[in-house]
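Readers should treat all values here as calculations from the given coordinates under stated rules, not as data from a laboratory. Quick caveat: nothing in here was measured; it's all calculated off a predicted structure. Don't worry about glycine lacking a Cβ; one is built from the backbone with ideal geometry, like all the others, and counts go over all protein chains shown.
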């Protein structure tokens with residue numbers, strides 16, 4: 001073989017190697033583009049595509065004006081509140097200011113440490129804070145331990161609905177009115193959500209309110225639970241605009257449905273339209289209504305059911 005032929009073959013091999021490496025780098029770049037950064041509470045090996053605030057063009061001037069009016073706010077909050085108030089800076093500032101004042105009034109920075117905590121710990125802090133806020137006597141008392149009405153799913157049990165929104169699981173049949181008023185429970189849920197949702201991000205969530213009875217729970221009637229549900233949805237509407245992807249409520253009998261529809265009429269139309277009521281049986285062993293699977297896949301529902309039963313007494 002001639003030297004020229006050898007050089008030609010070497011050049012071909014180099015070109016083939018270069019093309020292979022280029023193709024590999026392209027695939028790696030595409031893979032990196034497709035990845036979504038996990039939430040801070042997630043382990044590095046758990047990557048999920050989550051639902052965020054829709055891509056909306058914001059006028060930088062409006063964002064800067066809102067920052068001037070509410071300097072303690074984050075960019076994520078300014079984007080969410082502007083979107084909720086249809087890009088009206090004055091209205092967005094009023095609602096955002098109400099939220100920031102709510103955080104101060106309820107001492108969110110005091111009750112929640114900046115260090116990493118567990119989901120159980122976050123609920124305990126929220127419950128303790130809500131009970132202390134509700135204690136109008138000013139006397140030091142040993143607060144009761146409130147049942148864990150709400151939780152999120154982390155690690156290997158990470159649960160999202162079909163559109164990618166993280167699931168917030170609420171089980172109000174644990175509500176014990178002898179321990180605290182419905183408004184105190186609702187405040188605890190709101191404080192918990194403020195802890196779990198990063199203020200710098202525009203993540204959306206699906207709130208699943210399951211009012212089936214549970215073993216060993218107080219199991220109040222669905223009609224008596226409606227005021228608590230109304231309070232929770234109202235707090236979401238006021239202090240967490242553009243956070244709610246969907247609220248799935250089940251199973252609600254006719255009397256409670258009529259009562260809830262009356263309460264829903266006081267919500268803004270966008271929030272009211274996101275509420276899905278699913279009928280079904282409410283006994284301890286009753287299955288999740290089939291309609292729920294339109295929004296959450298069966299595997300995720302099974303994980304949620306395991307969590308619910310783990311709270312049985």
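Looking only at residues in segment 191-224 that are assigned to a helix (DSSP H, G or I) and free of Cβ contacts under 8 Å to residues at least 60 places away in the same chain, the one that is farthest from residue 131 (Cα to Cα) is 223.
Yes/no matrix, rows are residues, columns are (1) out of contact with any strand residue (DSSP E or B) (no Cβ under 7 Å at 6 or more places or on another chain); (2) in a helix (DSSP H, G or I); (3) farther than 30 Å from residue 78 by Cβ:
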site: 255; (1), (2), (3): yes, yes, yes
site: 259; (1), (2), (3): yes, yes, yes
site: 270; (1), (2), (3): yes, yes, no
site: 282; (1), (2), (3): yes, no, yes
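If you go through segment 284-300 and keep only what is surrounded by fewer than 16 Cβ atoms within 10 Å (Cβ to Cβ), touching a helix residue (DSSP H, G or I) at 6+ places or on another chain (Cβ under 9 Å) and not in a loop (DSSP other than H, G, I, E, B), you end up with just 293. Flag: residue 303 does not match the condition of being part of a loop (DSSP other than H, G, I, E, B) and either in contact (Cβ under 8 Å) with a residue 60 or more places away in the chain or closer than 18 Å to residue 219 by Cα (or both). Evaluating residue 166 against the criteria (1) closer than 24 Å to residue 104 by Cβ; (2) crowded, with 21+ Cβ neighbours inside 10 Å leaves one unmet condition, (1). Of note, residue 130 does not satisfy the criterion of being crowded, with 18+ Cβ neighbours inside 10 Å, within 25 Å of residue 209 (Cβ to Cβ), in contact (Cβ under 8 Å) with a residue 60 or more places away in the chain and out of contact with any helix residue (DSSP H, G or I) (no Cβ under 9 Å at 6 or more places or on another chain).
Selection of segment 53-98 for residues being assigned to a helix (DSSP H, G or I), more than 17 Å from residue 268 (Cβ to Cβ) and in contact (Cβ under 8 Å) with a residue 40 or more places away in the chain yields 75, 76, 77, 79. A single member of 161, 201 is crowded, with 21+ Cβ neighbours inside 10 Å and under 28 Å from residue 116 (Cβ atoms), and it is 161.
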